[in-house]
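The next block holds one structure in the form of structure tokens; read it before the comments.
Read-outs: derived from the displayed coordinates by stated rules, not from any lab. These figures come from a predicted structure and were not determined experimentally. Every residue, glycine among them, receives a Cβ derived from its backbone with ideal geometry; neighbour counts consider all protein chains shown.
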Amino acid sequence: MKLTQFPRSILPILSRGNRGYYAWLLFLLLIMVWGAGGYAKQLNHGLVTTNMRDSVSWAFYIGNFTFLVGIAAAAVMLVIPAYIYNWKPIKEIVIFGELLAICAVVMSIGFIVVDIGNPLRFWHMLPGIGTMNFPSSMLSWDFFVLLTYLCINLVVVIHLLHRIFIKKDYNKKLVLTLVFVSIPMAVAIHTVTAFLYNAIPARPFWNSALLAPRFLASAFCSGPAILLILFQLLRKFTRFEIKDEAIWTIAELMVYAMFIYLFFSVAELFKEFYSGTEHLLYWQYLLFGIGDNKELVPYSWASIIMGCIAFVLFLVPKTRKNFTTLNIGAVLIYASVYVEKGIALIIPGFTPDVLGQIYVYTPSMIEIRTAALIFSVGFLVFTFLVKIAIAIIFEDYRVEEPMPEQQQTLEKA
């Protein structure tokens, strides 16, 4: 079967499923409709419908964008042991990490589109078509590496699934080459995202050389946390098979990432609080508040506490190999990084503003509905991709090949 015929052959997979599958699709479609209504209001009236203002011009959208870039980069946590060290228990599940990376990149690009206001401006981001202000614009660099990373993962996934579908060996040279390229690209997408913040010297809260390493370390915690829970759900409700050994190995790799993340955070805090410069004001607002303005304090400490608890649960072998405590730790580290990227990273960078004023920002319902739209689209695409992958890899899905006379008739038609 030719590659061009592959998409049409696998479409019937999406229509098969039990009541739970269709209920999940219906739920996502309802969320999409609800979110689309909010985004329609933003398109009609502009970004003034959000709670972003001159004082806080990056907020909920960019926070989600940053978090999702980290999720996309986390696929490398499965790629390295699978293909570089040829570790078989991981190798059978690495494709799902790549599917997660594809959907995360799509969602992160979606948050760029809604944040720039008029979506027609997005064509300027397209290489060779729009005006990207390349190479002076860090956003153009960020979009370039995201697009490259997306294309690499798409080619690898499509090639592997197609070869499995037609029962032929995959092109090892092609796949290994792309996998080797994807490793530095995974590092690059989150590094360049960190440079977006570093490139604003007027915002000292982000002006740290440790920001990019912290981004990568946090990504290598939160991304695999999603996969740990996903693999257990797939193993329970589908014919997907994964050994406990593989899950525990992923959890062990996460421990190293968590330690590096916590170490970098402590080093950053020591530098700021020991030096005691005027730049400490932003950290004070985040951790302790300024005067009566303590809006972010509960969120920042919740993120810290959840991250520390998750680190202990993953560090101790007994709790790491217990699925109850393992899942609790995975949820805690995911929530910790999401709060840190969505709230504790963006808002303190703008607060207080250059005039010393404090603008209290909270996401508007329009922003929440628009974010729900993007996440529901991402979850829908991920659901379809996972269903296709499971049917081809584990359920031996096939389509009946037409007889020669039928093939000639189809070609003539």
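Descriptive notes on the structure:
- Using alpha-carbon coordinates, inclination of helix 172-198 to the longest axis of the chain, degrees: 20 degrees
- The sum of -39500 (n - 2.57) across all DSSP H runs of n ≥ 4, divided by the residue count of the chain, sets its helix-only mean residue ellipticity at 222 nm to -22500 deg cm²/dmol.
- On full extension, the segment bounded by residue 288 and residue 199 gains 29.4 nm, given 0.36 nm per residue less the C-alpha separation.
- Distance in nm between pseudo-label sites at residue 270 and residue 136 (7 Å out along the Cβ direction from Cα): 4.1 nm
- Degrees, to the nearest 10: 323-339 long Cα axis against longest axis of the chain: 60 degrees
- Calculated FRET value between residue 355 and residue 26, using beta carbons and R₀ = 60 Å, to 0.05: 0.75
- Judged by the mean number of other Cβ atoms found within 10 Å, the most tightly packed of the peptides 235-244, 381-390, 294-303 leads the ranking 381-390, 294-303, 235-244.
- Scaling against 2.2 N^0.38 Å puts the C-alpha radius of gyration of segment 249-313 at 1.32.
- Angle in degrees between helix 244-275 and the longest Cα principal axis of the chain, rounded to the nearest 10: 20 degrees
- Per-pair calculated FRET efficiency, R0 = 25 Å: residue 151 and residue 123 via Cβ, rounded to 0.05: 0.85
- For the pair residue 6 and residue 252, a Förster radius of 35 Å applied to the C-beta separation gives a FRET efficiency near 0.45, rounded to the nearest 0.05.
- Extension gain, residue 171-residue 279: 0.36 nm per intervening residue step, less the Cα-Cα distance, totals 33.6 nm.
- Whole-angstrom gap from segment 150-191 to segment 304-377, using each part's C-alpha centre: 30 Å
- Eligible lysines near residue 41 by straight Cα distance, threshold 29 Å, same-chain separation 8 or greater: 341
- Alpha-carbon spread of the chain, three principal axes, descending order, Å: 80, 54, 43
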